[in-house]
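Worksheet: the structure to be examined is printed underneath.
The values are calculated or read from the model by the stated rules, or taken from the named source; none is laboratory data. As the structure is a prediction and not an experimental result, all values here were calculated from the model. For neighbour counting, all protein chains shown are included, and Cβ atoms are generated from backbone atoms with ideal geometry for every residue, glycine included.
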Amino acid sequence: MRQNDLDELRGRVDELNIKILDLINERTAVVQEIGKVKEKQGVNRYDPIREREMLNFLKETNKGPLPNGVLEQIFKGIFLSALEIQEDEQRNALLVSRKRKPEDTVVDVNGEKVGNGTPTFVFGPCAVESYEQVKAVADSIKAKGLTMMRGGAYKPRTSPYDFQGLGLEGLKILKRVSEETGLSIVTEIITPSHLEEAVDYIDVIQIGARNMQNFELLKEVGMLNKPVLLKRGLAATIDEFINAAEYIISKGNSNIMLCERGIRTYERATRNTLDISAVPILKQETHLPVFVDVTHSTGRKDLLLPTAKAAIAVGADGVMAEVHPDPAVALSDAAQQMDIQQFDEFYKEIQKFMNTYQTV
Ligand SMILES: [Mn+2]
């Protein structure tokens, strides 16, 4: 074969490549149209039966020399590419997405504007144990001019034999302290069946890490008109975390605060691994305020201050940490809670950091 012939054949291949490319793009545009029609009808975009029918039809029609196995591979690839484009569009269309709503969501918790540029702090004991315990922490929070307090009444624990929380009794203690101090209460709800009895006692519903994908709970709190603090699951990807928030907003409640609380990795130096880069990613991808829980992510008192500084530096809207009047006798998370004196010191240092940080 002469060089000229080879060049000509290669030229034809190039032309055919362009034709195939044009056809695939044309097909993608048609599939996008189908996607829009399906979305209006509220039906799932991916239809495996239709895909099988198309493949069978192509194989029956195939005159060769392309073997049917290769044909199937090629067309599966073409089908997949169209589907992936639609998935990207769906991701952009999420209600929590910043592409959908460019401006920051500011969540109003009884006047505390979470996400307005000034960090919000949420402190309090891991679990509500007694009125005296909660009141001691609340007084210390209030003395710092802060407005929110955390405390668990229902405790989802790793072991069923560990302290499970005071339940409704705990909510009553929180409510009493809230009335006496004016602090807003952040507390975890672990099942939809507790919502009704709990909702009047609390100001922010926390969805804990272990419940991030409790979809029935997410849908229920989505139907309430109350702020929700959603913690990232301990093995959840950022994508799963964002979709969990979407469950809440899809039911109408957009008062959502996200909370990075560490994820499980092979590292054992800390209780979990604080995924600090999740903060700017969540800020870019969504319009929701983002907290960092420095207690559960590190599980180490000596790391609370540096990680809180990191959280603020990286753009977090708030920091959460646990405080107990006598951590040594705490019924849960005893090792990682600050006592009141450590809390004072921590807050002084973080304020110092914020002052220098803001003037830089
Ligand atoms: Mn805890």
### Task
Can you tell me which residue among Lys144, Lys155 is over 30 Å from Asn355 (Cα atoms) and surrounded by fewer than 22 Cβ atoms within 10 Å (Cβ to Cβ)?
Lys155
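Looking for whichever is exposed (fewer than 12 other Cβ atoms within 10 Å of the Cβ), closer than 21 Å to Cys259 by Cα, more than 16 Å from the ligand (Cβ to nearest atom) and modelled with pLDDT of 95 or more here; the options are Gly115, Gly111. Which one fits? Give the steps one after another, and end with the answer.
Numbers: Gly115 fails: exposed (fewer than 12 other Cβ atoms within 10 Å of the Cβ).
Result: Gly111 is the single residue among Gly115, Gly111 that is exposed (fewer than 12 other Cβ atoms within 10 Å of the Cβ), closer than 21 Å to Cys259 by Cα, more than 16 Å from the ligand (Cβ to nearest atom) and modelled with pLDDT of 95 or more.
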### Message
Every residue in segment 227-268 that is in contact with a strand residue (DSSP E or B) (Cβ under 6 Å, 6 or more places away or on another chain) and loosely packed, with under 15 Cβ neighbours inside 10 Å, please.
### Response
Thr265, Glu267
#### Entry: One residue from Gln133, Gln73 being at pLDDT 90 or above, of a type outside the set (Asp, Glu) and within 30 Å of Arg157 (Cβ to Cβ)
Gln133
#### Entry: Given (1) surrounded by 20 or more Cβ atoms within 10 Å (Cβ to Cβ); (2) under 16 Å from the mean Cα position of the chain (by Cα), index of the condition Val177 fails
(2)
### Task
Say whether the condition of being under 30 Å from the mean Cα position of the chain (by Cα) and either in a loop (DSSP other than H, G, I, E, B) or within 16 Å of the ligand (Cβ to nearest atom) (or both) is met by at least one residue in segment 131-142.
yes
### Query
How many residues does segment 267-306 contain that are within 16 Å of the ligand (Cβ to nearest atom), β-branched (Val, Ile, Thr) and either in contact (Cβ under 8 Å) with a residue 40 or more places away in the chain or outside the structural domain of Phe121 (by TED's automatic domain parsing) (or both)?
1
### Query
Going through segment 310-357 one residue at a time, which ones are away from the ligand (no atom under 16 Å from the Cβ), β-branched (Val, Ile, Thr) and modelled with pLDDT under 95?
Thr356
### Task
Sort through Leu66, Leu94 and tell me the only one that's in contact (Cβ under 8 Å) with a residue 60 or more places away in the chain, outside any helix (DSSP H, G or I) and not hydroxyl-bearing (Ser, Thr, Tyr).
Leu94
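Just to be sure before I move on: is Phe79 surrounded by 12 or more Cβ atoms within 10 Å (Cβ to Cβ) and assigned by TED's automatic domain parsing to the domain that holds Asn17 in the structure I sent? Quick ask: steps written out before the conclusion?
Working: surrounded by 12 or more Cβ atoms within 10 Å (Cβ to Cβ): yes; assigned by TED's automatic domain parsing to the domain that holds Asn17: yes.
Criteria met by Phe79.
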